[in-house]
1. Output the residues belonging to the range 161-191 that are open to solvent by 90 Å² or more (accessible area, probe 1.4 Å), within 43 Å of the chain's Cα centre (by Cα) and modelled with pLDDT under 70.
2. Exactly one condition in (1) within 20 Å of ILE25 (Cβ to Cβ); (2) among the hydroxyl-bearing types (Ser, Thr, Tyr); (3) in contact with a Ser or Thr (Cβ under 9 Å, 6 or more places away or on another chain) is false for THR88; which is it?
3. Kindly indicate whether any position in the range 6-27 is open to solvent by less than 60 Å² (accessible area, probe 1.4 Å), of a type in the set (Val, Ile, Thr) and not in a strand (DSSP E or B).
4. Would you say LEU32 is under 24 Å from the mean Cα position of the chain (by Cα) and at negative phi?
5. For the range 207-224, name all the residues that are exposed (fewer than 15 other Cβ atoms within 10 Å of the Cβ) and of a type in the set (S, T, N, Q).
6. Of the numbered conditions (1) within 17 Å of the chain's Cα centre (by Cα); (2) open to solvent by 30 Å² or more (accessible area, probe 1.4 Å), THR88 satisfies every one except a single condition; which is it?
7. What number goes with the only condition from (1) of a type outside the set (A, V, I, L, M); (2) more than 20 Å from THR211 (Cβ to Cβ); (3) open to solvent by 60 Å² or more (accessible area, probe 1.4 Å) that THR121 does not pass?
8. Quick test for you: out of SER142, SER228, pick the one residue that is modelled with pLDDT of 85 or more, open to solvent by less than 100 Å² (accessible area, probe 1.4 Å) and either under 30 Å from VAL284 (Cβ atoms) or not polar (S, T, N, Q) (or both).
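The values are calculated or read from the model by the stated rules, or taken from the named source; none is laboratory data. Since this is a predicted model, take the numbers as computed values, not measurements. Counting neighbours? That spans all protein chains shown, and the Cβs are built from the backbone with ideal geometry, glycine included. These accessible areas exclude ligands, DNA and RNA; they are computed on the full protein's heavy atoms, side chains included. Shrake-Rupley method; radii C 1.70, N 1.55, O 1.52, S 1.80 Å.
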Amino acid sequence: GRGPHFTGLVGKHEFDLQLNGQRFIVNEPLELKLTVSGGGALENMEAPSLLKHPDIEEFESNGDLKIQNADQATKIFEYTFLPKAPLTLPATSIPLTYFDPDSMKYVAVNLTLGEIIVGGTAQASTKKEDRKSEKEAKQDSSQKILERPLTLAGPVFTKLSSWRDYIGGVNLLLASLALLLALSFFFKKVSLPQFSKSNIPQTFKKGKFQTSEFTKWLEPLIARTGKSPLRVIRESDLSEKTKTYFEALLKETDAKQFSYLKGTPRFEYQASSFKELDDYIKSVKNEDTQQPS
């Protein structure tokens, strides 16, 4: 039978699987590239499942079809994953099958995926329940302050003549002022933070571009959208000039990693583009902070 790994292709096809490295750190993009060539209906082929792990987040894959002639075409699938915790995946074999009309049999092709090692530390928990508990604790603290009984500065004397009749009113006024000051200080302390300081990594300003550092910088956008860094840039509200700059930078870096050539990609630090992206990240942080849990 065709089995669970049938690709839907008929006729002989060639498969090639590439990984952009073997060692990674937590939150560093892990990218797979599957190339399929042959004469079958590649336009109907969907991206097969290649990597599943509870500590690895998978982003949406995309396929690019290139037709050489009526009998030959190539389809390239690109996968992006984001490891969320340290782990070690042993080398494994991934089976894919196609139907051979000459032998009238299903032929299996085993793709080798080498060992994957992810180092670093797991990301701190940012679950909604944790944020809710923190907010409730602050509300409880505020409620306790409001419920504290008023302690007047002195006893209230009644049935006294002259200025002593006003001692009670003066004490009440002083207690009210003290309470207002305490409340203003409290709400000032718990007011929502505003992110204004520049957070652009210093390595970029020094002319060194690292994908892992860039991904860490984009973490607020990645966490909100669940998409890869390249897709986050494409679908952002940045200007077209800034989008083009970062897309070209990411693609050139990826191409350098896939080529396994020595050296580092060409990188020209454009202060205006980095400042625009930094402002965009800060605006997203402020929006997320102001939204109720």
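1. PHE187, LYS188, LYS189
2. Unmet for THR88, out of (1) within 20 Å of ILE25 (Cβ to Cβ); (2) among the hydroxyl-bearing types (Ser, Thr, Tyr); (3) in contact with a Ser or Thr (Cβ under 9 Å, 6 or more places away or on another chain): (3).
3. Yes, that holds for at least one residue.
4. yes
5. Once the filter is applied, which keeps residues that are exposed (fewer than 15 other Cβ atoms within 10 Å of the Cβ) and of a type in the set (S, T, N, Q), the range 207-224 yields only SER212.
6. So THR88 meets the others, but not (1).
7. Just one mismatch for THR121, condition (2).
8. Answer to the selection: SER228.
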